[in-house]
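First the structure, in the form of structure tokens, and then the observations on it.
All of the numbers you see were taken from the coordinates with simple rules; none came from a lab. Not measured: the values here are computed from a predicted model. Cβ: placed from backbone, ideal geometry, glycine included. Neighbour counts: every protein chain shown.
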Amino acid sequence: EQKLIDVELEAKVAMANDGSAVASLTLHSNDQHKKQVNIPVFAKTEVGILQVTPSDLLDFAYVGQNLSVKRKVSLFNKGSADITVAKLEITGDSLGEFKIVPSSFPPSAASPGSHTMKPAEYQSFQVEFTSTGPVNATAKAELVIHSDDPSNKTITVNLIAKRAEGSKCNIQLIP
């Protein structure tokens, strides 16, 4: 006589995966023909993964006194589920020389709000540096991106700019 049993398994933690076998269950029985059966376990978790470009440093190079330079920051959801970008902020900027340029991307808007990015969605915004601090000094701050990315809830991009005296380059040819 054949008896069927119901077995229910629950995965408490699963790593992001491409759908290939990640483990196997081994069933032992008293069946004379097949004492052991291996059952592959497949996993494909749906998770959002936020990719930021540049990932670590946004360099404004040399900026003349009272002049501004803008740099682009790109966000890409390379995961398989939605991800929410909750907030963008600049920290460590005591002189207020760095700012997020208001745009149509809600976290960078004039009245910021969160934005849910679909898988494979791309967004961008700009950060601006205006040189108002001491000439020939370096300005540093951080751009902090807050999201619900399960592996990286805050991503920090270092900001750096070198303040220069003016905007003119004097080129001198020496024979």
- Query: About its Cα centre, how strong a charge dipole does the chain have in debye, to the nearest 20, once Lys and Arg get +1 and Asp and Glu get -1 at the Cβ?
  - Reply: 560 debye
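If packing is taken as the average count of other Cβ atoms within 10 Å, what order do 145-152, 132-139 fall into, highest mean first?
Descending packing order for the listed peptides: 145-152, 132-139.
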- Task: Show me 28-41, 84-97 ranked by packing, highest mean number of other Cβ atoms within 10 Å first.
- Result: 84-97, 28-41
- Query: Just going by the charge dipole of the chain, with Lys and Arg at +1 and Asp and Glu at -1 on Cβ, which of S124, N136, S94 is farthest out on the positive end?
  - Reply: N136
- Given the C-alpha centroids of segment 20-92 and segment 106-150, what is the distance between them in whole angstrom? 20 Å
- Message: Can you give me the distance in nm between label points at T132 and S104, each placed 7 Å from the Cα along the Cα-to-Cβ direction?
- Response: 3.0 nm
- Report the one residue of S68, A109, I155 whose Cα lies farthest in the direction of the positive end of the charge dipole of segment 58-175 (charges on C-beta: Lys and Arg +1, Asp and Glu -1; origin at the Cα centre). S68
- Query: Got a sec? Which residues in segment 78-111 would a label at E121 touch, if it sits 7 Å along Cα→Cβ and we count backbone N under 14 Å?
  - Reply: 78-87, 104-108
- Using 7 Å Cα-to-Cβ label points, what is the A86/N30 separation (nm, one decimal)? 5.6 nm
- Say each of I39 and S114 gets a label point 7 Å from the Cα, pointing the same way as Cα to Cβ; how far apart are those two points in nm? 3.7 nm
